[in-house]
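First comes the structure, then the notes that go with it.
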Amino acid sequence: MIRLMYMVAAIFLLVGCNNTRPKPINDLEKDTTAYDSTAAVYPKMKYSDTLIIHCDSLYPGMNCTATHIAMDTLGKDTNPDHKNSVFIFTKNGRELIRDTIYSRVQDIVFADYNNDNIKDILVHHHSDVRSNWTHFLYLVDIKKDKLKKINGFEQIKNPTFNSEYNIVENYVNSGRNWTSFYKIISDTVYNYDILIYDGENEDGTYTHDEDYKAALKKLKQTNIPSNSIK
């Protein structure tokens, strides 16, 4: 009898642990036409899993929720041109943005990318064979109830924000690791076309730290033409 009670308790414990994440909705079919033109590729999608993040600690008193709905192609389809996920951000139950995207991994990160002391949202996009990750970036203006998607940001591998210089930089794992620099302007990114490499040069010298300082000095003196955003 005691053994049976332990078995029943263990079953309830397992069920409770599984409920810490929203239940998959494998059986729910939805027409994606209302979301995006991806219906031309996938006339019917089965949503396989939903990640819901309540953002009370990030945006206090705003009742905000970030949701990533993964379709059943997540992790299987490696073509980033095929959209397989829906990202939704709500405030007090009202959608501020709904975006149908390609996402290789169901992952959402919060970090300030425009020096306004408000956490912005990065949704995982893709990763290459060397585990260099890319993300979609949504700048958050929580007081004005706006999220702005930054075009082209998803092409930057392993991005980080340099708050001192108000720029985006990265560190890419490659045959020879490298760093490049970008500037967020309006709803897009400007590429400074400055590339520095890590590791030893052909003559065996290590110049990354000096090259990095020189790059920061150069971009600080760069005037960005208004018609050259790319």
When Ile229 is run through (1) at pLDDT 95 or above; (2) in contact with a Ser or Thr (Cβ under 8 Å, 6 or more places away or on another chain), the failure sits at (1)
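Go through the residues of region 181-191 one by one and say whether even a single one is free of Cβ contacts under 8 Å to residues at least 24 places away in the same chain, in a strand (DSSP E or B) and touching a Lys or Arg at 6+ places or on another chain (Cβ under 9 Å).
No, region 181-191 contains no residue that is free of Cβ contacts under 8 Å to residues at least 24 places away in the same chain, in a strand (DSSP E or B) and touching a Lys or Arg at 6+ places or on another chain (Cβ under 9 Å).
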For Tyr165, state whether it is among the aromatic types (Phe, Trp, Tyr), assigned to a loop (DSSP other than H, G, I, E, B) and either out of contact with any Pro (no Cβ under 9 Å at 6 or more places or on another chain) or surrounded by 13 or more Cβ atoms within 10 Å (Cβ to Cβ) (or both). yes
Region 202-225 - residue that is surrounded by 12 or more Cβ atoms within 10 Å (Cβ to Cβ) and among the polar types (S, T, N, Q) and, of those, nearest to Asp141 (Cα to Cα): Thr222
Filtered residues of region 136-152 (kept if under 12 Å from the mean Cα position of the chain (by Cα) and either assigned to a loop (DSSP other than H, G, I, E, B) or not assigned by TED's automatic domain parsing to the domain that holds Ile101 (or both)): Ile150
With the requirement that a residue be over 23 Å from Tyr206 (Cα atoms) and either among the hydroxyl-bearing types (Ser, Thr, Tyr) or touching a His at 6+ places or on another chain (Cβ under 7 Å) (or both), what does region 161-180 give you? Ser163, Tyr165
Residues (assigned to a strand (DSSP E or B), surrounded by fewer than 16 Cβ atoms within 10 Å (Cβ to Cβ) and in contact with a Ser or Thr (Cβ under 9 Å, 6 or more places away or on another chain)) located in region 99-126: Ala111
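The values are calculated or read from the model by the stated rules, or taken from the named source; none is laboratory data. Since this is a predicted model, take the numbers as computed values, not measurements. Glycine also receives a Cβ, built like all others from the backbone with ideal geometry; neighbour counts cover every protein chain displayed.
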